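The values are calculated or read from the model by the stated rules, or taken from the named source; none is laboratory data. Because the structure is a prediction, the values reported are computed rather than measured. Note that we place each Cβ from the backbone using ideal geometry, even for glycine, and neighbour counts take in every protein chain shown. For accessibility, only protein heavy atoms count, side chains too; no ligands or nucleic acids. Shrake-Rupley method; radii C 1.70, N 1.55, O 1.52, S 1.80 Å.
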Amino acid sequence: MTQRLYYDNAYLTSFDARVTDCLPDGDSFLVRLDRSAFYPTSGGQPYDTGTLGGANILDVFVKEGDVVHCVDAPLAAGSAVHGEIDWPRRFDHMQQHAGEHMLANAVWRQLGGYVIGLHLGAEVSSIDAELPGGRMRISDEELRALEDDVNEKIQRDVPIVCTFPDAETLAKMPLRKPPTVKEHIRIVAIGDFEYVACGGTHPSSSGQIGLLKIVDARPSKGKLRLTFVCGKRAFQNYRHVYNLAHAAAEELSTAVENLPGVVAALRAHLREAERGMGALRREKLLSGVPVMLENAPRTADGARLVAATVEADMPLLRDLASAFTGGENRNTVALLAAPQGENYLFVFARSRDAEADMGALLTACARAHGGKGGGKPDFAQGGGPLKVWQAARAALLGKEDAR
């Protein structure tokens with residue numbers, strides 16, 4: 001069984017060991033050592049990278065109690081090797097993992113929630129929390145309270161101590177949640193407020209976490225997911241947002257603190273402009289109805305067929321269909337389509353004296369060409385690829401059926 005040096009010293013960046021086994025694994029090699037400072041993927045924390053005996057570390061994992069190192073070059077069994085840890089990556093993971101403990105503790109104390117999942121990603125980290133009553137959302141005030149709580153304790157620079165207590169000592173510890181293993185239990189204690197079983201690497205004091213910022217809070221798979229950054233990641237996040245805010249303010253010729261008001265005013269102007277454009281589009285489309293009716297071809301049963309694709313939303317499509325088939329218009333069918341992303345909206349309508357069944361026509365064409373929709377004999381609506389509309393038009397003109 002590999003002696004895990006990172007348990008005793010998370011700041012150990014280099015070590016010497018002996019190769020106990022090396023097996024080929026495709027283009028890489030799986031190496032076992034008598035001792036190792038490389039952290040294997042475990043508990044939501046990714047593996048360490050670096051070099052081992054001159055070979056690059058590709059992966060580190062645990063198998064049958066041993067730490068297995070996946071490397072890109074063979075290492076002779078029995079040979080002595082030197083390992084070098086990628087320290088910036090290791091320390092980043094230490095900051096994120098310790099920050100997660102403190103955030104999970106704040107969720108537990110303030111919201112009565114239990115964290116059931118952790119993921120330390122390359123850019124952000126996240127926890128999934130189960131809250132009382134099945135809550136999956138928290139208020140802005142609750143989110144700020146969590147951040148304030150964690151960062152106040154980070155600034156106190158309380159000690160972070162990792163130990164393997166005996167059963168009697170363990171029984172007296174106020175653990176945040178029960179350990180998931182029965183023996184060889186490692187406890188991470190942060191100050192006098194956070195005690196939890198964990199095998200990860202952590203800094204020696206909370207101050208080294210630097211800062212924690214929650215960057216997202218949303219429901220996920222029935223739980224509350226909090227996405228956060230700590231330490232250097234938090235600083236980089238701040239700098240990125242700072243640069244974006246100042247670039248936006250410069251583009252809008254205003255100060256950063258005025259951005260919300262300026263953006264709100266722009267959105268109001270945009271809504272007004274969109275309403276004006278919508279009114280013009282509506283007027284233009286409706287004004288063209290007489291000409292389109294005059295030039296409409298006849299269906300196989302003699303009805304006028306207006307088949308058109310237009311720029312419109314569903315309400316305007318319905319109004320346009322009514323203009324073609326209502327009032328004094330006789331024996332008229334309208335097949336209208338409007339683009340919406342990669343697909344189209346459809347409205348099929350007919351005057352009262354026309355014979356075609358719009359609901360049946362749209363249902364058949366949609367079913368045949370991957371769309372959806374249906375309705376009554378005189379009116380139907382739906383959506384899907386343009387082929388649905390093309391098939392309906394062809395069927396009414398007697399060029400092909402709707403299948």
Report summary line: Of the residues in segment 154-185 that are more than 19 Å from L5 (Cα to Cα) and among the β-branched types (V, I, T), the one that is farthest from the chain's Cα centre (by Cα) is T169
Query raised in the report: Out of segment 72-87, which residues are of a type outside the set (D, E, K, R) and either open to solvent by 30 Å² or more (accessible area, probe 1.4 Å) or more than 19 Å from L5 (Cα to Cα) (or both)?
Result: A73, P74, L75, A76, A77, G78, S79, A80, H82, W87
Query raised in the report: Restricting the search to segment 296-323, which residues are of a type outside the set (D, E, K, R), within 21 Å of L386 (Cβ to Cβ) and either out of contact with any helix residue (DSSP H, G or I) (no Cβ under 8 Å at 6 or more places or on another chain) or without any contact (Cβ under 8 Å) to a residue 40 or more places away in the chain (or both)?
Result: A296, P297, V306, A308, V310, A312, M314, P315, L316, L317, L320, A321
Query raised in the report: Is it true that some residue in segment 164-178 is basic (K, R) and under 23 Å from G44 (Cβ atoms)?
Result: yes
Report task. Quick one: count up the residues across segment 114-131 that are modelled with pLDDT of 95 or more and open to solvent by less than 90 Å² (accessible area, probe 1.4 Å). Result -> 7
**Report entry** Candidates G383, G373, G341, G326, filtered to the one that is touching a residue at least 24 places away in the same chain (Cβ under 8 Å) and on the phi > 0 side of the Ramachandran plot
**Finding:** G373
Requested in this report: Read through the list (1) touching a His at 6+ places or on another chain (Cβ under 8 Å); (2) closer than 17 Å to R298 by Cα, then give the number of the only condition that R330 fails.
Outcome: (1)
Query - Hey, H240 farther than 22 Å from G326 by Cα, modelled with pLDDT of 95 or more and either open to solvent by less than 100 Å² (accessible area, probe 1.4 Å) or not in a helix (DSSP H, G or I) (or both) or not - result: no
Report summary line: Taking segment 1-56 and the residues there that are among the β-branched types (V, I, T) and assigned to a strand (DSSP E or B), the one that is surrounded by the most Cβ atoms within 10 Å (Cβ to Cβ) would be V31
Query raised in the report: Within segment 186-217, can you find the residues that are touching a Cys at 6+ places or on another chain (Cβ under 6 Å) and over 18 Å from Y7 (Cβ atoms)?
Result: I209, L212
Query - Yes/no for R137 being basic (K, R), over 21 Å from G199 (Cβ atoms) and touching a residue at least 24 places away in the same chain (Cβ under 8 Å) - result: yes
Requested in this report: Look through segment 153-180, keep the residues that are among the aliphatic types (A, V, I, L, M) and free of Cβ contacts under 8 Å to residues at least 60 places away in the same chain, and return whichever of them is nearest to G200 (Cα to Cα).
Outcome: V161
Query raised in the report: What strands (runs of 3 or more DSSP E) lie completely within segment 279-360 and have 3 or more residues being surrounded by 16 or more Cβ atoms within 10 Å (Cβ to Cβ) and modelled with pLDDT of 95 or more?
Result: 332-340, 343-350
**Report entry** Single unsatisfied condition, H97 versus (1) open to solvent by 40 Å² or more (accessible area, probe 1.4 Å); (2) of a type outside the set (V, I, T); (3) in contact with a Gly (Cβ under 6 Å, 6 or more places away or on another chain); (4) under 25 Å from A234 (Cβ atoms)
**Finding:** (1)
Query raised in the report: Quick check: anything in segment 71-88 more than 30 Å from I127 (Cβ to Cβ) and among the acidic types (D, E)?
Result: yes
Query raised in the report: If you go through segment 134-166 one residue at a time, how many are farther than 11 Å from I209 by Cβ, hydrophobic (A, V, I, L, M, F, W, C) and open to solvent by less than 80 Å² (accessible area, probe 1.4 Å)?
Result: 7
Query raised in the report: Quick one: would you say F228 is surrounded by 15 or more Cβ atoms within 10 Å (Cβ to Cβ), closer than 22 Å to A122 by Cα, in contact (Cβ under 8 Å) with a residue 24 or more places away in the chain and among the aromatic types (F, W, Y)?
Result: yes
